[in-house]
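A quick write-up on the structure given underneath.
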Amino acid sequence: MKSLDRYLFRQLFAGFVLVALALVCVLWLTQSLRFVELIVNRGLGIGMFVYFTALLLPNFLTIILPIALFAVVTFTYSRLNMDRELPVMRACGMSNWAIARPALILTACVMMASYALNLYLVPKSYQLFRELQWELRNSMSHLLLREGAFNELGSNVTVYVGERTQEGQLLGILVHDETDAERPVTLMAQRGALIEVDGSARVIMFKGNRQVVEPTTGKFSMLYFDRYTHDVPIKTAANVQRTPEARELMVPELLNPETTPGLPAHDFGKHIVEGHQRLISPFLSLSNALAALMFLTAGQFSRRGQAKRVLLAITGVILLQVASLGLANMAAKNLSLLPLLYIGTLLPIPVCSFFMAWHPKRSAKKEARELEFAAQNRA
């Protein structure tokens, strides 16, 4: 790699890392707020919460990497233009492709990282995320009863807890069970614990009483106990078979959705399109980079700035992303439109390449004269 290429590549790589990290932090923060209730209501520790939300990061990166690449290529080459570095490079005989070589090397690295994410890391991490989420939401062992509030365990059981210790022990318990509508039961205890047994909840209480009012006679009875176990007839969905989402499956499984047990036939198209998107989406990074390079390296040097070119590059990439999403939704409903997804993603690559290579030397002298004129005026 030439010294000039190393100079440009260092700027591109450093900017790419900073932009990607910033976007990852922002996106992770906004998405993790959805799962704060797991800390508040489910007793999830901070360490487990960080691990739980970090499993979503590979899925975020598939979106962030092309955006970060486009942003850093646009910013770097726009700044080089404003600093008159690109016109000097052209005046030295460098073609647009030679100038763009460091950005294309970075793009190749991003594409390889995207394939690693799409083909392995995203499905594996999202599968772990979904399994952990399923366990947290359906396992009574992870249930945290809110202190100082009446918690409903199903439609007929209400539990009140005065305090919960760090060891998971419940203090000041009140359980009201109306499973038998003709004979509701109220239990009060100084302390206890909530455990899961065969998919149902069980409350173990110490030093309390059991209160029952006979519906026919209206007689009130109270039984004092030192230790009492009350089964709460609530069945969780822990033993129910979970149908995996498309993001959990590998590409061969997505392209052959009939092999996935329990998957409805009307979701076959969505899974097939997801599989093709895994294969084609890394090329969006190349399309985005070439779009930025086309607008910022092709054409003549202008002393009026690069705002118009930057806006055109941003508009082009936005249209490309919208077209990709729209074609994916259309192809999911009608698989015969699947080739359009490839065309919409790959077509910008030869188009941008053509305009980058279109008479690259003819404007070099004009740009040199513009640069010389600008230097004279500045002097």
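The values are calculated or read from the model by the stated rules, or taken from the named source; none is laboratory data. The model shown is predicted, which means the values in this text are computed figures rather than measured ones. Backbone-built Cβ (ideal geometry, glycine too); neighbour counts: all protein chains shown.
Worth pointing out:
- Helices (runs of 4 or more DSSP H) completely within the range 290-379 that count 3 or more residues being surrounded by 13 or more Cβ atoms within 10 Å (Cβ to Cβ), in contact with a Pro (Cβ under 8 Å, 6 or more places away or on another chain) and modelled with pLDDT under 90: 364-378
- Listed by first and then second residue, the pairs with beta-carbon distance under 6 Å, at least 6 apart or on different chains, first residue in the range 205-229 and over 23 Å from Leu170 (Cα atoms), second of a type in the set (A, V, I, L, M), are Phe220/Val213; Ser221/Val212.
- Filter result (touching a residue at least 60 places away in the same chain (Cβ under 8 Å), in contact with a Pro (Cβ under 8 Å, 6 or more places away or on another chain) and either part of a helix (DSSP H, G or I) or among the charged types (D, E, K, R) (or both)) within the range 243-283: Arg247, Glu248, Ile272
- Just one of the listed residues (Leu132, Leu171, Leu145) is modelled with pLDDT under 85 and not in a loop (DSSP other than H, G, I, E, B), and it is Leu132.
- Spans of helices (runs of 4 or more DSSP H) in the range 1-114 with at least 3 residues assigned by TED's automatic domain parsing to the domain that holds Met356 and modelled with pLDDT of 90 or more: 3-32, 57-82
- Restricting the range 200-214 to residues that are among the hydrophobic types (A, V, I, L, M, F, W, C) and at pLDDT 80 or above, the residue that is surrounded by the most Cβ atoms within 10 Å (Cβ to Cβ): Met205
- Criterion: among the β-branched types (Val, Ile, Thr), closer than 30 Å to Ser114 by Cα and either surrounded by 13 or more Cβ atoms within 10 Å (Cβ to Cβ) or at pLDDT below 85 (or both) - qualifying residue of Thr217, Thr186, Thr243: Thr243
- Residue that is farthest from Thr217 (Cα to Cα) [pool: residues in the range 167-182 that are in contact with an Asp or Glu (Cβ under 8 Å, 6 or more places away or on another chain) and surrounded by fewer than 21 Cβ atoms within 10 Å (Cβ to Cβ)]: Leu171
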